[in-house]
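Have a look at the structure below before the remarks.
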Amino acid sequence: MNKKAIKARIESLIKRFASASSSSAYALVPQSLTSGKLYEAHVLSIVIEQLSTQENYQITLINSRFIPLKSSPGPVNRSYPYFELRRGANLVAELWTDVEFTSLSYYQRGTSRPIQRGDYHELDIVVTDSGVSGRPSHSNIWLGVECKNTGYNKGLLKEILGIRRELSLFVDSRSTRFTRWPRSQVPADPPSCLMVFSTDVAVSQYSSPGDVFGIDFQYEQI
Amino acid sequence: MTNEDYKEILQSMRKMLGNAGFGGIDERIMSDIHGSEGSFWDLIYYLKHLTEEVSLGSDVQLSNVLRRVRRHVQTESGDIIEGVRVTVSNDDRQRYDVEHIDFTPSPELGYIAKELRALIEELDEDHRRNSIS
């Protein structure tokens, strides 16, 4: 074994590394879909990290060895992959991605009526009660997260204010299901947390209504 | 080989990585090194971290996601989390002719990581042999 030979081996490996890195395995799929979903995966990894380090959940991925996302939202299907959130032996909550929930207005109107398109809404990432299936109700939601890999604008603000409206009533501060992260108190009943992650630094210019209604806006670059 | 040799190999490797556009990886590894236990161990430490980086895939965003999730999430089987899978809707399935879209580190990166591990073993063995003699 000599210095020259080792340097040559390393050089060859680094060249191969550079070459393998530049080839894209998902070139056939539109960039808008891949970049949006990779941003969602990025935010999901941050949410998981916070739930583990700040809230001390033990997290297990069920039904897969791949971090699960969907190209379109839908109801909870329990044969799909999801994350279990445990404290010790106790299963306390679940984390699902790209899920629709049934709205507060749907329950206010009375659930005996047939469900319509306006009665459910999508969230990119949700922490819910354990054991949910189909479209969880607004009261099953502990945390909802929206991921926006795009310029933030007034339309997106109005959209998230609508989600806040359809998750909870506006009330005096209530304790959330979390001790620290994302927040321990929220002016909402049921007391769900709601977050927006955006790649647009301008998202902070839209955050003031969230201070009142309990929506946390976070600028998060990839 | 001498300590000077190990030092020179490490310096040369760092330069190669920088020239190949992987300055960020070099920075990340160096920021993890707290103090030095000698040239040989610095080289081994660097190679081990480089192997980890390579096995995660060089797409920085995907690497960061996998690194973070693997640290905090277990699978039912105890296997490592392989990547990100986007399950496509019926419409998208017809449009792109795929069942799902996987974002994973490329297999080639796995082979490179394996060869780096073999190099670490050879260096270690060579170092032990020299220490005895």
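Remarks
- Scanning the stretch A:93-120 for residues that are buried (at least 16 other Cβ atoms within 10 Å of the Cβ) and on the phi < 0 side of the Ramachandran plot yields a count of 14.
- Any hit, the stretch B:1-9, residues being of a type in the set (Lys, Arg) and either buried (at least 18 other Cβ atoms within 10 Å of the Cβ) or modelled with pLDDT under 90 (or both): no
- Conditions (1) buried (at least 22 other Cβ atoms within 10 Å of the Cβ); (2) out of contact with any Ser or Thr (no Cβ under 7 Å at 6 or more places or on another chain): number failed by A:Leu61: (2)
- Looking only at residues in the stretch A:16-32 that are facing chain B (nearest Cβ under 7 Å) and assigned to a helix (DSSP H, G or I), the one that is modelled with the lowest pLDDT is A:Ser21.
- Residue within the stretch B:124-132 that is surrounded by 14 or more Cβ atoms within 10 Å (Cβ to Cβ), out of contact with any helix residue (DSSP H, G or I) (no Cβ under 7 Å at 6 or more places or on another chain), facing another protein chain (nearest Cβ under 10 Å) and over 24 Å from B:Asp5 (Cα atoms) present: no
- Residue check, A:Phe217 of a type in the set (Phe, Trp, Tyr) and touching a residue at least 24 places away in the same chain (Cβ under 8 Å): no
- For the stretch A:189-205, a residue qualifies if it is closer than 20 Å to A:Tyr107 by Cα and surrounded by fewer than 24 Cβ atoms within 10 Å (Cβ to Cβ), and the qualifying residues are A:Asp189, A:Pro190, A:Pro191.
- Scope the stretch B:89-102; condition of a type outside the set (D, E, K, R) and touching a Lys or Arg at 6+ places or on another chain (Cβ under 8 Å); matching residues: B:Ser89, B:His100, B:Ile101
The values are calculated or read from the model by the stated rules, or taken from the named source; none is laboratory data. Keep in mind the model is a prediction, meaning the values are calculated, not measured. Heads up, the Cβs are rebuilt from the backbone with ideal geometry, glycines too, and the neighbour counts pull from every protein chain shown.
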